[in-house]
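To start, the structure itself, in structure tokens.
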Amino acid sequence: MSGTKLTLNIQDDVVSKAKIYAKQRNVSLSKIVEHYLNTLSEVNTEPGKVSPWVKELVAVKKPTKDFDHKEMYSFYVVEKYSEK
């Protein structure tokens, strides 16, 4: 399926954050924009209803039985607030 090239003017910081978001989810920024625009154009979409594609993006795996969330949170807090 071929697409159409589209030029957008978007603030640099927004583009930077969006690229990071896309990379973390192993999906192209173009695909994210395409799906977002497709969602906007769906006539029968109920407000607040989440599309299956978005659900797939935010799917969370259940942690293993030996996962210690308190310990991981402690590591996160120490890293976040430690002097660098």
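Just so it is clear, none of the values below were taken in a lab; they were calculated from the coordinates. No experiment lies behind these values; they were computed from the predicted model shown. Reconstructed Cβ throughout: ideal geometry from the backbone, glycine too, with neighbour counts over all protein chains shown.
What does the charge add up to near S74, with Lys and Arg as +1, Asp and Glu as -1, over the other residues with Cβ less than 14 Å from its Cβ?
With Lys, Arg at +1 and Asp, Glu at -1, the neighbours total -1.
Taking the number of other C-beta atoms within 10 Å as the exposure measure, put T7, T39 in order starting with the fewest.
Ordered by Cβ neighbours within 10 Å, fewest first: T7, T39.
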